[in-house]
Amino acid sequence: MSKSINTVVEDIYEVMDKGVVPNPDTLDSFLWDMKEAILKQLSPSNRNRANHLRMSNIGKGDRQVWYDINGNSTQEKLTPDTRLKFLFGDIIEALLIYLVKEAGHEVTHEQHEVQIGGIKGHIDCKIDGAMVDIKSASAFSFKKFKEGTLKEDDKFGYIAQISAYAHAEGTPDAGFLVMDKVLGKLCYMPVPKDDRIDPVERINHMKKAVAKDTPPPRCYASVPMGESGNMKLGVNCSYCAHKTTCWSDSNNGDGLRLFLYSNGPMWLTEVQKEPKVQEIIE
């Protein structure tokens, strides 16, 4: 059977199962990419987040991107463990591209810059002509890619991102090559045209939204916590670096309160009944 983007996972598995004599040029390219990943994440210049609209953030909520660009928020600083996760993700991307090449697939357009209406982005690569975004994922997130249900719960806006990349390049085939970073499993999730957004419409909307003097409405409502009457941030908001500013009017103007539950920390927007767990005062 001829190789194509649809066989890329089984072809990588075959390389890992049977082994391969590394192509010297391919190996040198991989080692260079590893070096670049380390320099990127350890560079002091990488400590400031970009404050302009990019293809990588057009899938985020309007309010979140408004805070990203206008800088009126006390944005949470990335922690060392988060930066390690970013570095790990970059290393996995370089490794998978290397394995795809060793498996006999054509890889082009690595880190190629694209743009729509002046908004720029960098694609990961094309594999056998298909636009491919490479992701490392938790077991929970990997399941969404594996089962093709990402569109139903896409809190990081990945569908919008790859829609923009494919549109900018006029590429009919697009998808995600994903690795479960715990178990090492791989999957390829194609994103058919019917599942993509209109990136031109979205970018035009975002340009207008971020140009306003005040932020758009909140992206998500708070979530009830059982019968206590307490309210908490939803998962999407809990990941946002602007949550403390966005929800500064919560708890009667005192702002968010953080409690350490057995299943992890939770940000409460309204406390009707004091939780019987430790409160974290930052």
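Every number here is computed from the coordinates shown, using simple stated rules; none is lab data. Values in this document were obtained by computation on a predicted structure and should not be read as measured data. Here Cβ is always computed from backbone atoms with ideal geometry, including for glycine, and neighbour counts include all displayed protein chains.
Structure summary
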read-out: Amide H within-cut-off set for His112, under 5 Å, with H built and near neighbours excluded; value: Ile123
read-out: Sparsely packed trypsin sites (Lys or Arg not before Pro) within the range 10-113, loop by DSSP, other Cβ within 10 Å at most 12; value: Arg49, Lys77
read-out: The range 1-67 and the range 158-192: distance between their alpha carbon centers, rounded to Å; value: 12 Å
read-out: Ranked list, fewest to most other Cβ atoms within 10 Å of each Cβ, for Met55, Met179; value: Met179, Met55
read-out: Ratio of Rg to Rh over the range 25-116 (Cα coordinates, Kirkwood Rh, two decimals); value: 1.04
read-out: Relative contact order (%) - criterion: Cα under 8 Å, at least six apart; region: the range 131-282; value: 17 percent
read-out: Charge dipole magnitude, Cβ of K and R +1, D and E -1 - the range 214-282, Cα centre, debye nearest 20; value: 160 debye
read-out: Lysine pair count for the range 27-145 [Cα-Cα under 15 Å; pairs on different chains or 8 or more apart]; value: 7
read-out: Average projection area in nm² (convex hull over Cα atoms of the range 223-280, one quarter of hull surface); value: 3.8 nm²
read-out: Reachable aspartates and glutamates from Lys3, criterion Cα separation under 12 angstrom, eight or more residues apart if same chain; value: Asp11, Glu106, Asp128
read-out: Amide H partners (placed H, <5 Å) of Met179, local residues excluded; value: Lys135, Ser136, Ala137
